[in-house]
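Report on the following structure.
The values are calculated or read from the model by the stated rules, or taken from the named source; none is laboratory data. Small disclaimer: the values here were computed from a predicted structure and weren't measured. In this analysis, Cβ positions are derived from the backbone assuming ideal geometry, glycine residues included, and neighbour counts consider all displayed protein chains. Please note that ligands, DNA and RNA were not included when accessible areas were found on the heavy atoms of the full protein model with its side chains. Shrake-Rupley method; radii C 1.70, N 1.55, O 1.52, S 1.80 Å.
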Amino acid sequence: MNFRIGHGYDIHRTVAGRRLVLGGVIFDTDYGLEGHSDADCLTHAICDAILGAAGLPDIGHFFPPGDPAFKDIDSQRLLVQVSREVMKLGFDIVNIDASLIAEKPKIASRIAEMKAVLARSSGLTAEEVGIKATTNEGVDEIGRGLAIAAHAVVLLKRA
Ligand SMILES: [Zn+2]
């Protein structure tokens, strides 16, 4: 069997007055993430991992920042499209594993929802999506709550 692994990383600055969306789940906060789309860094890291595993260019190539078509777009729509792109190349997504690094808000109680949303967008079951959340122990700008970052790995299999 032909397996392909991919890795993705993303970071966005926190900003007042924007909706916070992580893994497709909306958090009740008075701050969100800065970016052209909904700035869902967890979903963006997963998109890049999927694209990377297939040897495709990164998310910015498919959805250029600044393109009005993607202004404030729900990043689940990007994940749906990215998943379709690799399927067109003959790949199935086997599993996704991701780590979210955020000093705030509290993520743990929302992980099951994130897994369900991300699984639906990528054509997986919730059991095939791993999400861990950690803080940055107060270290650097992520630790001061000025940014939220995410790492993801994805396994693809030739269908
Ligand atoms: Zn991003």
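Amide H contacts for Leu20 (H built 1.01 Å from N in the peptide plane; partners 5 or more residues away or on another chain; cut-off under 5 Å): Phe27, Thr29.
Run the accessible area of segment 8-112 with a 1.4 Å probe and give the carbon-and-sulfur part as a rounded percent. Present the calculation step by step, with values, prior to reporting the outcome.
Numbers: 2500 of 4760 Å².
Carbon and sulfur together cover 52 percent of it.
For segment 54-159, the relative contact order works out to 36 percent when only alpha carbon pairs closer than 8 Å and six or more residues apart are counted. Only lysines eight or more places from Lys115 in sequence, or on another chain, were considered; those with a Cα closer than 21 Å are Lys104, Lys106, Lys132, Lys157. Pick from Ile59, Ile26, Ile11: which residue has the top mean-square fluctuation in a GNM of the chain where Cα pairs under 10 Å get a spring? Result: Ile26 has the largest fluctuation of those listed.
The largest-to-smallest principal axis extents of the Cα set in the chain are 45, 33, 25 Å.
When the Cα atoms of segment 91-158 are aligned to their principal axes, the ranges along those axes come out at 41, 23, 14 Å in descending order. Can you tell me which of His61, His12, His44 moves the most in a GNM of the chain? Springs connect C-alpha atoms under 10 Å apart. Most flexible of the set in this elastic network: His61.
Quick one: dipole size for segment 53-159, taken about the Cα centre, charges +1 on Lys/Arg Cβ and -1 on Asp/Glu Cβ, in debye to the nearest 20. It would help to have the intermediate numbers written out before the result.
Details: 13 positive and 14 negative charges, 58 e Å.
With only Lys, Arg, Asp and Glu charged at Cβ, the dipole is about 280 debye.
Set against the 2.2 N^0.38 Å expectation for a compact globular protein, segment 1-43 has a Cα radius of gyration ratio of 1.48. For segment 2-81, the solvent-accessible area of protein heavy atoms averages 46 Å² per residue (probe radius 1.4 Å; ligands and nucleic acids excluded). Here the label points at Lys104 and Asp67, each 7 Å from Cα along the C-beta direction, are separated by 3.6 nm in the simple model.
In this view, the solvent-accessible surface of Asp38, computed with a 1.4 Å probe and all protein chains in place, comes to about 20 Å².
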